[in-house]
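Colleague: Before I ask anything, let me first share the structure, which is written out below as structure tokens.
The values are calculated or read from the model by the stated rules, or taken from the named source; none is laboratory data. None of these values were measured; they are calculated from a predicted model. Cβ coordinates were reconstructed from backbone atoms using ideal geometry, including for glycine residues, and neighbour counts include every protein chain displayed. Side chains included, ligands, DNA and RNA excluded: accessible areas come from the protein's heavy atoms. Shrake-Rupley method; radii C 1.70, N 1.55, O 1.52, S 1.80 Å.
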Amino acid sequence: MRKISMILFALLISCSVLGGCRSVSDVPVSGTEDTTAIPPETDPTPEEPEVPPIDVNTVIGKTEYALVAADPSGGQTILSRAQTNLGNLCADAYRSAADADAAIVCAAEIGGGIAPGDITIADVFGVLPVESDLITVRATGAAILDCLEIAYRHLPAANPEYAHVSGLTLVLDLNTPSPVQTDKAGKIVGISGKRRVQNVQIGGTALVEDNTYTITFSQSVTGQIADVFKDAAAVTDAVVSNRAAMITYISDGLSGAVREEYKNPFGDRRIGVIPLGQAELPNASGSLPQVYLTTDNTISRREYVSCAITVHDPTGVYSDVYDAESTVKIRGNSTSVGKKAPYNIKFSEKMELLGLGKGKKWCLLANLYDKTQLRNTIAYSFAQTIGINYTSNSCFAEVYLNGEYCGLYQICEPIDVSKTKVDIDTENNEYLMELEPYRGYSNPSCIVTPTINLILGYNEPETPSAEQRTWLKNFMTDAENALLSGDYDRVKTYVDVDSFARCYIVQELFKNIDYLLSSTRFYIKDNKLYEGPVWDFDLSSGNCSKSYYPAYNNVDTSGLSYEGLQCVGLFNQYLFQYEEFRALVRDLYVEYQPIIANLYRDNELGPNQIDSLVAAHREGIDRNNSLWTTKTGYSLYEHRPVDGTYDGEIAYLKDWLEKRNAWLYAYYCSDQ
């Protein structure tokens, strides 16, 4: 502790000492200088004590958790939209140093985060790149309210003045316009009207506007916030720098160990947010996005019905979306009859949603038949990683229907045609098609391929013209004849073999039961047939009933579902007759081994994807499982519960994928 004390002495020694109370307007704020003349009788160069050098590599503590300035999953800065554990830590340090009722620190003051492990002086300097004195004032509750209104006036948009707080809790109603009034230059000229900052408490007691409280902030706080307190009396006896406050708080206040109280990267809910289109603070878990569906209509599979939709990101990384003119319907085929209904939603116009892209249509996948909730997510992620074009982006969210919690869902881009989805020109003989078990299964019209006799429903265009149908029939005749020709170069004239090889690896690795039945897409672009994008993996990776799918589970032979080939039908049965295609699949499978292994175990690519997803979303997963238990099956298609626990289902999935990969590698790559 002596070394840390000497460092603090070095940090503090150059700070001026204040006597009694003075107005905060006398304290330089936001880069201004105190130009008060020095009286002639005052020695301008008093002798200063010797300042020891600072070793920035000195360890002042440890943290068990990442202290973040950016979203740990996506990397986007969140300090200027929502609280983080790092912002809370800084504010707590300021309040502790001043022994004040409350403290604030603005997003613009905070730099990068701190990784788990040792915390050094250099880490603190990185968090607080500008060293500034702390200022503590006596302020009225009304002034504190004004300060908070200024800090949050731009939400849900980002704002460098976003205030992380200590000693305070509050609720922000985003449905209330900011009462902060500005002129054309953006300068604040007044605050009037209904407040969006509500239910403010200091020390657990409701803030009273006429009462006086002590509040601490740094000299580098933005000028418009500092102006609120310009007439307040400063009460600090000695100026402490923001860096010194942070070092002292970590080393002494926390006894050198940042633990449970700062575990959540998104803070401890000091700042609650009422989303756009909602009337009250949501009862949601953790940092998961929330989707609110509000309708007076009965939602069915038959047609879309009107619905107001709110999408809220509690981390503040992404802005709220609210559309009162949206529509909703139940989606899917076998999943549409599940107790946990999946939905298709349609906004009145294209919306930028949670960093997934911009679109009008979105899917809310229930994943009811997959007790891990992860099979679709990891399959899509794997497909994107190995370069399958147009694979849907997705993320997890909690869904509410008319205020009632429905569970954990996967918000997903639908497979559709656009510049940001399947990029084809449907006006110029380019098509998106879907395998169907029978005519009219999912699409109103279809083509039966001339030679192989596959039923391909038209996704886009939904109703081709007579000329388009003729062109497509002629193209498919030529493509299928090429597949049967024995001439691989001729095959490559009509078929993009690379897309078929990559899609085959995804489908076969996960052993997707639906591959030969439905949800399998093909598209024609630039006069070539492509396979993809991939879709629908909830019944895959061993998640299939032995009684309903005996062949899949090798019931009459080994009884091991991870053995055997599942996806060598359709066009693949003809492609695999060519040694060149088999070699392509083999070489790609060898190349992808580190990526495949990283699905279920840690390797040179980092922590495995399954454990990482569980760790990131466990709170939401457990909340879902309290409503949709893992102890029972919800359809005759899925496998029986492993042991009734979520952890048992995860262990089963990881073990199944590892054994599946080993079996496929031996089958295709044993000579490697």
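Colleague: So, in the stretch 441-479, how many residues would count as being out of contact with any helix residue (DSSP H, G or I) (no Cβ under 8 Å at 6 or more places or on another chain) and within 11 Å of F571 (Cβ to Cβ)?
Modeller: Number of matching residues: 3.
Colleague: Among the residues in the stretch 628-651, are any in a helix (DSSP H, G or I), of a type outside the set (D, E, K, R) and more than 15 Å from L374 (Cβ to Cβ)?
Modeller: Checking the stretch 628-651: not a single residue is in a helix (DSSP H, G or I), of a type outside the set (D, E, K, R) and more than 15 Å from L374 (Cβ to Cβ).
Colleague: Now, a different point. Which residues, counting only those in the stretch 195-234, are aromatic (F, W, Y) and surrounded by fewer than 21 Cβ atoms within 10 Å (Cβ to Cβ)?
Modeller: Y213 - this is the single residue of the stretch 195-234 that is aromatic (F, W, Y) and surrounded by fewer than 21 Cβ atoms within 10 Å (Cβ to Cβ).
Colleague: State whether the residues of the stretch 383-396 include one that is open to solvent by less than 20 Å² (accessible area, probe 1.4 Å), of a type in the set (S, T, Y) and either at positive phi or assigned to a strand (DSSP E or B) (or both).
Modeller: Checked against the condition, which is being open to solvent by less than 20 Å² (accessible area, probe 1.4 Å), of a type in the set (S, T, Y) and either at positive phi or assigned to a strand (DSSP E or B) (or both), the stretch 383-396 yields no hits at all.
Colleague: Sticking with this structure for a sec: Go through the stretch 156-169 and give me each residue that's surrounded by fewer than 21 Cβ atoms within 10 Å (Cβ to Cβ) and closer than 23 Å to A206 by Cβ.
Modeller: T169
Colleague: Give the number of residues within the stretch 265-303 that are polar (S, T, N, Q), farther than 23 Å from A157 by Cβ and at pLDDT 90 or above.
Modeller: Of the residues in that region, 5 qualify.
Colleague: Please tell me if Y504 is buried (at least 22 other Cβ atoms within 10 Å of the Cβ), modelled with pLDDT of 95 or more and hydroxyl-bearing (S, T, Y).
Modeller: Yes, satisfied.
Colleague: Sticking with this structure for a sec: Yes or no: Y634 within 26 Å of the chain's Cα centre (by Cα), farther than 30 Å from I452 by Cα and among the hydroxyl-bearing types (S, T, Y)?
Modeller: Taking the combined requirement at face value, the residue does not satisfy it.
Colleague: Another one. Among the residues of the stretch 566-600, what is the count of those that are of a type in the set (D, E, K, R) and crowded, with 16+ Cβ neighbours inside 10 Å?
Modeller: Within the stretch 566-600, residues that are of a type in the set (D, E, K, R) and crowded, with 16+ Cβ neighbours inside 10 Å number 1.
Colleague: Working carefully through the options K339, K371, K346, K360, find the one that is without any contact (Cβ under 8 Å) to a residue 24 or more places away in the chain and either open to solvent by 20 Å² or more (accessible area, probe 1.4 Å) or farther than 30 Å from Q83 by Cα (or both).
Modeller: When all the criteria are applied, what remains is K360.
Colleague: Would you confirm, using the coordinates I've provided, whether E531 is at negative phi, charged (D, E, K, R) and under 39 Å from the mean Cα position of the chain (by Cα)?
Modeller: In short, yes.
Colleague: If I filter the stretch 642-656 down to residues being within 25 Å of the chain's Cα centre (by Cα) and either touching a residue at least 40 places away in the same chain (Cβ under 8 Å) or buried (at least 18 other Cβ atoms within 10 Å of the Cβ) (or both), which single residue comes out as nearest to N608 (Cα to Cα)?
Modeller: K654
Colleague: Could you check T294 against (1) open to solvent by less than 40 Å² (accessible area, probe 1.4 Å); (2) of a type in the set (V, I, T); (3) closer than 30 Å to P444 by Cα and say which number it fails?
Modeller: Of (1) open to solvent by less than 40 Å² (accessible area, probe 1.4 Å); (2) of a type in the set (V, I, T); (3) closer than 30 Å to P444 by Cα, only one is false for T294: (1).
Colleague: Condition check: touching a Gly at 6+ places or on another chain (Cβ under 6 Å), under 30 Å from R601 (Cβ atoms) and in contact (Cβ under 8 Å) with a residue 24 or more places away in the chain. Does I411 satisfy that?
Modeller: Judged against the criteria, I411 is not a match.
Residues are listed down the side, and each one gets a yes or a no for (1) farther than 22 Å from V68 by Cβ; (2) in a helix (DSSP H, G or I); (3) open to solvent by 10 Å² or more (accessible area, probe 1.4 Å); (4) among the hydroxyl-bearing types (S, T, Y):
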{"site": "A103", "(1), (2), (3), (4)": "no, no, no, no"}
{"site": "I119", "(1), (2), (3), (4)": "no, no, no, no"}
{"site": "F125", "(1), (2), (3), (4)": "no, yes, yes, no"}
{"site": "T136", "(1), (2), (3), (4)": "yes, no, no, yes"}
{"site": "A143", "(1), (2), (3), (4)": "yes, yes, yes, no"}
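Colleague: I would also like to ask the following. Of all the residues that make up the stretch 509-565, how many are part of a strand (DSSP E or B) and surrounded by 20 or more Cβ atoms within 10 Å (Cβ to Cβ)?
Modeller: Total satisfying the criteria: 7.
Colleague: Of the conditions (1) modelled with pLDDT of 95 or more; (2) surrounded by 16 or more Cβ atoms within 10 Å (Cβ to Cβ), K62 satisfies every one except a single condition; which number is it?
Modeller: (2)
Colleague: Can you find even one residue in the stretch 411-430 that is open to solvent by less than 20 Å² (accessible area, probe 1.4 Å), more than 15 Å from G359 (Cβ to Cβ) and outside any loop (DSSP other than H, G, I, E, B)?
Modeller: No, the stretch 411-430 contains no residue that is open to solvent by less than 20 Å² (accessible area, probe 1.4 Å), more than 15 Å from G359 (Cβ to Cβ) and outside any loop (DSSP other than H, G, I, E, B).
Colleague: Look at G486 and say whether it is at pLDDT 95 or above and either in a loop (DSSP other than H, G, I, E, B) or buried (at least 16 other Cβ atoms within 10 Å of the Cβ) (or both).
Modeller: Here the answer is yes, as G486 does meet what is asked.
Colleague: Here's a follow-up. I want to confirm something. Restricting to the stretch 304-322 and keeping residues that are open to solvent by 30 Å² or more (accessible area, probe 1.4 Å) and modelled with pLDDT of 95 or more, which single residue is farthest from A91 (Cα to Cα)?
Modeller: So, considering only residues that are open to solvent by 30 Å² or more (accessible area, probe 1.4 Å) and modelled with pLDDT of 95 or more, the one farthest from A91 (Cα to Cα) is Y304.
Colleague: Taking interchain pairs and intrachain pairs at least six residues apart, which have beta carbon atoms under 9 angstrom, with the first residue in the stretch 440-469 and more than 23 Å from N481 (Cβ to Cβ) and open to solvent by 30 Å² or more (accessible area, probe 1.4 Å) and the second of a type in the set (A, V, I, L, M) and not in a loop (DSSP other than H, G, I, E, B)?
Modeller: Listed by first residue and then by second, the contacts come to Y441/I455; E460/V417; E460/V422; E460/L432; E460/M433.
Colleague: Can I ask one more? Assess whether D252 counts as being more than 22 Å from L155 (Cβ to Cβ), open to solvent by 30 Å² or more (accessible area, probe 1.4 Å) and part of a loop (DSSP other than H, G, I, E, B).
Modeller: no
Colleague: Just to verify a result, which residue in the stretch 323-336, among those that are closer than 30 Å to Q83 by Cβ and not polar (S, T, N, Q), is least open to solvent (accessible area, probe 1.4 Å)?
Modeller: D323
Colleague: Assuming H639 fulfils every condition listed in (1) at pLDDT 95 or above; (2) within 35 Å of the chain's Cα centre (by Cα); (3) surrounded by 17 or more Cβ atoms within 10 Å (Cβ to Cβ) apart from one, which condition is it?
Modeller: Answer for H639: the failing condition is (1).
Colleague: Which of the residues spanning the stretch 192-221 are in a strand (DSSP E or B), more than 26 Å from N242 (Cβ to Cβ) and touching a strand residue (DSSP E or B) at 6+ places or on another chain (Cβ under 8 Å)?
Modeller: Q198, N199, A206, listed by residue number.
Colleague: Here's a follow-up. Give just the number: which of (1) in contact (Cβ under 8 Å) with a residue 12 or more places away in the chain; (2) surrounded by fewer than 20 Cβ atoms within 10 Å (Cβ to Cβ); (3) within 23 Å of V317 (Cβ to Cβ) does G75 not satisfy?
Modeller: The failed condition is (1).
Colleague: May I ask you to say which residue of V189, V130 is surrounded by fewer than 18 Cβ atoms within 10 Å (Cβ to Cβ), in a strand (DSSP E or B) and aliphatic (A, V, I, L, M)?
Modeller: V189
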